[in-house]
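> This structure is in structure tokens; I'll ask about it shortly.
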Amino acid sequence: MLTKFQAKLFFLIGTFIFSAIFLFLTYDSLKYVYANPSAKTLSDEVIRGKAIWEKNNCMGCHTILGEGAYYAPELTKVYERRGPEWIRVFLKDPQAMYPGERKMVKYDFTEAQIGDLIAFLKWNGELDLKGFPPKPEFKPTTQTVSANAVSIAQPEKFKQICVACHAVGGAGGNVGPALDTVGKKFDLAYLENWLRDPQKVKPGTAMPKLPLSDSEIKDLSTYLSQLK
Amino acid sequence: MKYKSQKIAYWFFATCMLLLSLQLIYGFIMGFARMGFDGLHDWIPFNAARATHTNLLVVWLLTGFMGAAHYIIPEESESEIYSVRLAYIQLISLIVVGVVSIIGFHFNVWEGRKFLEIPRPLDYLVVVNVLLFLFNIGMTVWKGKRHTTTGMVLYFGLFSAALLYLPGMIEFNSQTVDSYFRWWVVHLWVEGVWELIMGGILSFLLIKLTGVDREVIEKWLYVIVGLTFLSGILGTGHHYYYIGVPEYWKWVGGFFSMLEPLAFLAMAMFAVSMYRRSGRNHPNTISLYWTIGSAIMSFVGAGFLGFAHTLPQVNLYTHGTLITAMHGHLAFWGAYAMIVLAIVTYSMPLLTGRKLWNNSIGLFAFWASNIGMLGMTGAFAVAGIAQVYLERKFGLDFLTVQKEIQVHFLGLILAALVFTSGIFAFIWNFIKFGTPTDEALGAETSSGDIHLSGRS
């Protein structure tokens, strides 16, 4: 068996060798990171966004690159998933977007701060993460109910916000119902009322009251009423 | 106790008990929030509760390690602590920094990087504080009459832990690099140098409790910490799979993570075999429970459950889910919390001269907290596995999945109640021991530490 001296040697030499390898791999990894295209897109906006991210301990609920807590969604791909407009609306008043759901602190960010945060989230989403987060293998697909619905041009706002939860023609989210035939069920006046304040029409609904201007509400309800 | 200055250890341990109770409260706040009862949201949002919960853990464990050092180092180096006054100043300043940080968390003041939430200005105070501690203990070792391996490993562990705090204080612009160096602190602490500290304490306790020859125990201590570093240093790679660094980390991290349980297995086998070779019946069997228990639970929690999700193919799905919380709870409990509680149970009779070992409260504390912690780990495991399948495999919305797994947090809370009852029993016993007295000097004789040996 080993003597105490040999055991000590095993400890010291082992530690030294593996520390040396680790330091070398660290050097190589940093070289790789700084040679990556992402290093060039690391703008002041992104850096400011990261500072806001840390200053408010977003990692205390969310994860990014899979690091953080597990109380709120993973945000690495949130830019791709939701789009900048949706994130902007959400950050202005997080609880309004998810009425009665798990709460996020309302931080009262300024427009500029929200812009920085979006830049930070976009930058992280574009990193080469070797396949993380994984694409779901058995994701339920949204069926196209009416091929007709696809041919009607969508208002900008619809593409920016509504598709995060609703699908039209098989494309979009599956949190709310698909909207392919919504125009059959509801008329223009009802849709306008609904968009103005969903809680008033149907208390307790998961549909948030979105910050929409009158003309946006008009556009959206006109569009929706055509989906038959 | 043999040396008067060992009494300082008591005050570090008392601080541990206080911080541990606070940590439990914040754990419950989070458990209830996950069940949908987040009535405290406006005052203590989840991120504040979480930062407080984990930072209290780190601070109470470090306080426990410091207490252990104040107890062990005088005995190992056969001399009094270099400066008793410095030790008290250091403890008080540690508490002040800790309290200020935690209050700050509730007012949205922090540097929000997981486990390193203490804001930068306070980081400098932490550094000064730890330097004070290292200076004081270092001078004790330096001036001591004897330099044992156990003492040196413990000191080297504490020293490296301080050194490795520094990479966490550098600012990086890229989230990838930030994450890279954050793990230098977090991983190299818990899967590296903290294990030296744990090994040092474990070896001290085994020498005292089993009566096996110091040479034999210390030889194995070298082998175990050698194995720890051999697997643990490059094992850091298992945090680097998906943060934007080169692909080879999947191979390096995956391979060395597979070796990591070996160090823990060796530790468990070592503790059990030393116990079996034990020539004496040390009267403080509860301390032996905690010591052997720590070696075994660290293998289950840190070794086995860690291995369960560090292979890159598995980690792709489990990274950033409740599976990490499952592993984290049992790992910290087994490896670090239990070893601190072991040294506390070992030293309390000797510090106070009261023979309160082996009572039913102490036994209840051991079993209830361990069963409770296993239950909590189970609840996290079930919730985590469900989360991985629903969210990562089936692509359901995050919040939809969270509602599906809410019910498992009822299980978590029930198990946490059992755990808490155990910890309360432990603290109750701790309080009953009272404060250390000079009359306990030389208490080893009355405790049987020297005379009850069966073989010498």
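> Using a 1.4 Å probe over the heavy atoms of the protein chains, calculate the carbon and sulfur portion of the accessible area of segment A:39-125 as a whole percent.
56
> Using only Cα atoms, figure out Rg for segment A:70-131 and give it as a multiple of 2.2 N^0.38 Å. Numbers along the way, then the final one.
Values: Rg = 12.2 Å, N = 62, 2.2 N^0.38 = 10.6 Å.
So segment A:70-131 has a normalised radius of gyration of 1.16.
> Could you give the accessible area per residue of segment B:93-152, probe 1.4 Å, as a whole number in Å²? Don't skip to the end; give the middle numbers.
Details: 2780 Å² over 60 residues.
Dividing the accessible area of segment B:93-152 by its residue count gives 46 Å².
> Take the Cα of B:Asp213, step 7 Å along the line toward its Cβ, and report every residue of segment B:125-153 whose backbone nitrogen sits under 20 Å from that point.
The answer is B:147-151.
> Right, another one. When chain A is treated as a GNM, springs tying every alpha-carbon pair under 10 Å, which of A:Arg48, A:Arg81, A:Arg102 comes out with the largest mean-square fluctuation?
Among A:Arg48, A:Arg81, A:Arg102, the largest mean-square fluctuation in the Gaussian network model of chain A belongs to A:Arg102.
> Right, here's the next one. Choose one of B:Ser174, B:Ala335, B:Gly442: the residue whose Cα lies farthest towards the positive end of the charge dipole of chain B (beta-carbon charges +1 Lys, Arg; -1 Asp, Glu; about the Cα centre).
Farthest along the dipole direction, towards plus: B:Gly442.
> A follow-up question, please. Tell me the angle of helix B:322-332 to the major Cα principal axis of chain B, expressed in degrees between 0 and 90 and rounded to the nearest ten.
Tilt of helix B:322-332: around 0 degrees.
> Using the heavy atoms of the protein chains and a 1.4 angstrom probe, tell me the accessible area per residue for chain A in square angstrom. Please report the intermediate quantities before stating the final value.
Values: 11650 Å² over 228 residues.
Per residue, chain A has 51 Å² of solvent-accessible surface.
> What does the highest-first list of A:106-118, B:242-254, B:126-138, B:61-73 look like by mean Cβ count within 10 Å? Let's see the in-between values first.
Working: A:106-118: 15.9, B:242-254: 20.2, B:126-138: 18.6, B:61-73: 27.5.
Answer by packing, highest mean first, reads B:61-73, B:242-254, B:126-138, A:106-118.
> Only helical DSSP H runs with n ≥ 4 go in: add -39500 (n - 2.57) per run for chain A, normalise by residue count and round the 222 nm mean residue ellipticity to 500 deg cm²/dmol. Show your work: numbers first, answer last.
Numbers: 13 runs with 121 residues, N = 228.
Value at 222 nm, helices only: -15000 deg cm²/dmol.
> Sticking with this structure for a sec: By how many degrees, 0 to 90 and rounded to 10, does the Cα axis of helix B:248-276 deviate from the longest principal axis of chain B?
The two axes meet at around 30 degrees.
> Next question, about the same structure. Suppose R0 equals 25 Å; then what is the FRET efficiency for B:Leu40 and A:Asp93 from their Cβ-Cβ distance, rounded to the nearest 0.05?
Values: r = 21 Å, r/R0 = 0.82.
With R0 = 25 Å, the Cβ-Cβ based efficiency is 0.75.
> Probe radius 1.4 Å, ligands and nucleic acids left out: can you give me the accessible area buried at the A-B interface, summed over both chains, in Å² to the nearest hundred?
Working: alone 15110 and 19290 Å², together 27680 Å².
Chain pair A/B: roughly 6700 Å² of buried accessible area.
> Checking understanding here: applying a Kyte-Doolittle mean of at least -1.0 and a length along the axis of at least 20 Å (C-alpha), which whole DSSP H helices in chain A pass? List each step's numbers first, then the result.
Numbers: long enough: A:4-35 (46 Å, 1.12); A:111-125 (21 Å, 0.23).
Once both thresholds are applied, what remains is A:4-35, A:111-125.
> Oh, and also: Calculate the FRET efficiency for A:Thr222 and A:Phe138 from the Cβ-Cβ distance with a Förster distance of 45 Å, rounded to the nearest 0.05. Provide the component values of the computation, followed by the final result.
On the way: r = 37 Å, r/R0 = 0.82.
About 0.75, to the nearest 0.05.
> Read phi for every residue in segment B:196-202 and hand back ³J(HN,Hα) as whole Hz from Karplus 6.51 cos²θ - 1.76 cosθ + 1.60, θ = phi - 60°, with x for Gly and Pro.
5, 4, 4, x, x, 5, 4
> Across peptide B:396-408, how many C-beta atoms of other chains are within 10 Å of each residue C-beta, on average?
Numbers: counts 5, 5, 6, 7, 2, 1, 6, 2, 0, 0, 0, 0, 0.
That average works out to 3.
> Please list, or write none, the lysines whose alpha carbon is within less than 17 Å of the alpha carbon of A:Lys8, excluding same-chain residues fewer than 8 places away.
Partners within reach: B:Lys219.
> While we're here: Sequence neighbours fewer than 8 away in the same chain don't count; with that in mind, list the lysines whose C-alpha is under 27 Å from B:Lys7.
B:Lys143, B:Lys145, B:Lys208, B:Lys355, B:Lys432
> Same structure again: Pick from A:Leu191, A:Leu25, A:Leu91: which is most flexible by mean-square fluctuation in a GNM of chain A where alpha carbon atoms under 10 Å apart are linked?
Result: A:Leu25 has the largest fluctuation of those listed.
> For chain A, with a Gaussian network of springs between Cα atoms less than 10 Å apart, report the residue from A:Lys92, A:Lys50, A:Lys135 with the top mean-square fluctuation.
A:Lys135
> Hey, can you list the residues from segment B:218-255 whose accessible area shrinks by 50 Å² or more with all protein chains present, relative to the chain by itself (probe 1.4 Å, no ligands or nucleic acids)?
B:Lys219, B:Tyr222, B:Leu230, B:Ile233, B:Leu234, B:Tyr242, B:Gly244, B:Pro246, B:Tyr248
> A further question on this structure: List the residues of segment A:7-21 for which accessible area in the full set of protein chains is at least 30 Å² lower than for the chain on its own; 1.4 Å probe, protein heavy atoms only.
Relative to the lone chain, where solvent access is computed with a 1.4 Å probe, segment A:7-21 loses at least 30 Å² at A:Ala7, A:Lys8, A:Phe10, A:Phe11, A:Thr15, A:Phe18.
> Residue by residue through B:428-438, how many Cβ atoms from other chains fall within 10 Å of the Cβ on average? Intermediate results must be reported in sequence, preceding the final value.
On the way: counts 0, 0, 0, 0, 0, 0, 0, 0, 0, 0, 0.
Taking all residues of B:428-438 together, the mean is 0.
> Now for a different question. Would you jot down the residues in segment B:99-148 that end up with at least 30 Å² less accessible area in the complete protein assembly than in the chain alone, with a 1.4 Å probe?
B:Asn108, B:Trp110, B:Gly112, B:Lys114
> In addition: How far is helix B:149-163 tilted off the main Cα axis of chain B, in degrees rounded to 10, range 0 to 90?
Between helix and principal axis, roughly 40 degrees.
> Hey, another quick one. Name the residue from A:Cys162, A:Gly204, A:Ile217 whose Cα lies farthest towards the positive end of the charge dipole of segment A:147-225, charges +1 on Cβ of Lys and Arg and -1 on Cβ of Asp and Glu.
Farthest towards the positive end: A:Gly204.
> Take the residue pairs A:Lys92/A:Lys202; A:Lys55/A:Lys135; A:Lys103/A:Lys209 and return only those whose Cα atoms are more than 21 Å apart. The partial results should precede the final answer.
Values: A:Lys92/A:Lys202 23 Å; A:Lys55/A:Lys135 31 Å; A:Lys103/A:Lys209 16 Å.
Flagged as over cut-off: A:Lys92/A:Lys202; A:Lys55/A:Lys135.
> Further question on the same structure: Using a Förster distance of 25 Å, how high is the FRET efficiency between A:Phe109 and A:Ala39, based on the Cβ-Cβ distance and rounded to 0.05? The partial results should precede the final answer.
Working: r = 27 Å, r/R0 = 1.07.
With a Förster radius of 25 Å, E is 0.40.
The values are calculated or read from the model by the stated rules, or taken from the named source; none is laboratory data. Everything numeric here is computed off the predicted structure, so don't read it as measured data. Cβ atoms come from the backbone with ideal geometry, glycine included; neighbour counts cover every protein chain shown. Side chains are part of the model used for accessible areas, which takes the heavy atoms of the whole protein and leaves out ligands, DNA and RNA. Shrake-Rupley method; radii C 1.70, N 1.55, O 1.52, S 1.80 Å.
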